[in-house]
Each structure stands twice: as C-alpha cells, then as structure tokens.
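The structure under discussion appears below in the form of structure tokens.
The values are calculated or read from the model by the stated rules, or taken from the named source; none is laboratory data. Since we're looking at a predicted model, the values are computed, not measured. Cβ placement follows ideal geometry from the backbone for every residue including glycine, while neighbour counts extend to all protein chains displayed. Each accessible area value is taken on the protein alone, full model and side chains, heavy atoms only, with ligands, DNA and RNA left out. Shrake-Rupley method; radii C 1.70, N 1.55, O 1.52, S 1.80 Å.
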Amino acid sequence: MGINHAASRLIPAALWLAIIWTAETYLSRPQNNRLRHGIANLSLAAVNGVLLFFSIGLLSVSVCGKFHHSWFGIASPVVAFFGLDLFGYLWHRANHKFSVLWRFHEVHHSDDAMDVTTSGRFHFLELGVGAIIRLPILCVLGVNPNLLLVYETALVGVSMLHHSRIDLAKYDPILRTIIVTPAMHSVHHSRDPVNFERNFSSVLSIWDRTFGTFGTSSETISHGLKGFDDSSTHCIRSMLAAPFRDRDNVG
C-alpha cells in the first residue's frame, strides 16, 4: 500500500511539475539562475519526501485505513475534502500567528524568485508537525486512503500552479472564484509583511472569502524576506538550518 501510494502521488506530480516548468520557461519572463534555484528547492522537497512519507505519511495512510467510518453518509467524501482543506487554511494561519511556527514557515516565504519549485520549499518540521496534528482530524472526518490520495494530489497540483510564474491574465479572476491562483498567492508571498495576512487558502479559495482574508493587488509584487537576501541562504543546508539561526524574527 505504501509504495503504491507513493507512486500514485509522485508520478502525476512529476508530470505536472514538468508541464508547469515548461510553461514558465516559454511564457514567463527569463529568470536568473533558474536551474540552480529549482534544484535547491526540489532537493529540499526530496528531503521532505524521504523523511516524512515513510514515517508520518504512512502513519496517516494507516490511520485512514483503520478509522474511515463515514459519519456523513453519501456526502462524506465532499465533507472530508472540504474539512481537509479548511484544516490546511487554519494551519497556514497558525504558522503566521505563532512565532515558533513562523521560524519554520519563513523558509517557504524566503524564496525571492517564486516559481513552481517553491511549492516544495518547506521545512520538514513544519510539514511533519502539521501532519501529526491532522491525524485526529482524519479520524473525525472519516477520510479513507483513496480520498486522502485525491485530496493530496489536488493539493500538490494546485500548489504548483499557484506558486508558478504563469500569468493567467483574464482567466485568473474567473479561476480564483474556485481555487487559489498565481496572482492570488503572489500577494501572500509579497515582501511587504502586511500582505502575509492575505490569501491563506491552499486549494479552494472559499476560505479566504469566508474568513475575510481574501485580497488582490494591482501593484508589482516583490517576493522574499528581509534577512534572506544573501544567495548563501538559499542552499539546502541553509534552508534546513534557517529556523535555528539567531536573528530578528520577520513577519
């Protein structure tokens, strides 16, 4: 089950990554050191995969396999999908609210050249703690292994899209009535900390609209964080060590 689950997630994710990377290459403005930047982010994503999938990831699948009683009848898959996405929204907000969590989450926000590979630029401890906290929610929602696979596939796919540099132009406002889009998430990654409080949703944009955190901007957005301007802070070793550095808290 574990190997099949991993393959079911990895193969479509790799194909979607290749498609968006290609689209960014030909449809977006040229980006300096793009290959080096992408390798660093994807290397961190690979570390996360190795450390987390075969530990908390398989535990999550096991929990879903044992505790997937349907509490909501025929609507259970829909309720579970929305519930998982709501958890993602609330966990994201918590990572901005509490300084101890922010120190790990800022690894993600520190990317000053946001593109599709930024979707994999997370500290493994942020992902691991979030996955552990989510375990009882999987039980309450009655999430089965197949639904977990569907949600996490959607999460990875939409995350790659909304971190990308693709300009959806007139289609962005239409699409963001349903899911998070590049223009919408770009605001959240703004270098201006004021925008950190906007657009926390992961897959469905409904949560930002519901909780009053939705926001757009007509200004040119610059990404990154103060304290991460040196190129040496973007190598994989520095990203893993970043939460433990002695520095002023940002955001």
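Backbone geometry of the stretch 42-57 corresponds, through the Karplus equation with coefficients 6.51, -1.76 and 1.60 at θ = phi - 60°, to 3J(HN,Hα) couplings of 6, 5, 5, 4, 5, 4, 4, x, 5, 6, 9, 5, 7, 10, 5, x Hz, x marking Gly and Pro. Given the options GLY73, GLY224, GLY130, which has the most mean-square fluctuation in a GNM of the chain, springs set between C-alpha atoms less than 10 angstrom apart? Ranking GLY73, GLY224, GLY130 by mean-square fluctuation puts GLY73 first.
Distances between placed amide hydrogens fall under 5 Å for SER202 paired with TYR89, all partners being 5 or more residues away or on another chain. Taking the accessible area of the chain, probe 1.4 Å, and keeping the other protein chains in place, the carbon and sulfur fraction comes to 67%.
Around the amide H of ASN144, modelled in the peptide plane, lies no amide H under 5 Å away from a residue 5 or more places distant or on another chain. Summary of the geometry: the stretch 119-157 and the stretch 168-226, compared by the centres of their Cα atoms, lie 22 Å apart.
A 1.4 Å probe run over the chain, with the rest of the protein chains in place, finds 51 Å² accessible per residue. Put THR181, THR216 in order of accessible area, highest first, and with a 1.4 Å probe you get THR216, THR181. Our estimate of slack between THR216 and VAL129, defined as 0.36 nm per intervening residue step minus the Cα-Cα distance, is 28.3 nm. Most fluctuating residue of VAL78, VAL187, VAL140 in a GNM of the chain with Cα springs under 10 Å: which is it? Of VAL78, VAL187, VAL140, the Gaussian network model singles out VAL78 as fluctuating most. Ignoring the sites themselves, what is the longest stretch of the chain with no trypsin sites (Lys or Arg not before Pro) in a DSSP loop and at most 12 other beta-carbon atoms within 10 Å? Here the longest run is 1-169. Across the stretch 217-223, coupling constants 3J(HN,Hα) worked out from phi with the 6.51/-1.76/1.60 Karplus curve, θ = phi - 60°, read 8, 9, 7, 6, 9, 9, 9 Hz, and Gly and Pro carry x. For the set PHE228, PHE214, PHE72, the ranking by accessible area, highest first and with no ligand, DNA or RNA atoms included, is PHE72, PHE214, PHE228 under a 1.4 Å probe. Close amide H contacts of HIS223 (hydrogens built in the peptide plane, cut-off under 5 Å, sequence separation of 5 or more or a different chain): ARG191.
Kirkwood radius for the chain, taken over all pairs of different Cα atoms as the inverse mean of 1/r, rounds to 18.7 Å. Rounded to whole numbers, the Karplus 3J(HN,Hα) couplings from phi for the stretch 106-120 are 5, 4, 5, 6, 6, 5, 8, 10, 4, 8, 4, 6, 4, 5, x Hz, using 6.51 cos²θ - 1.76 cosθ + 1.60 with θ = phi - 60°, and x at Gly and Pro.
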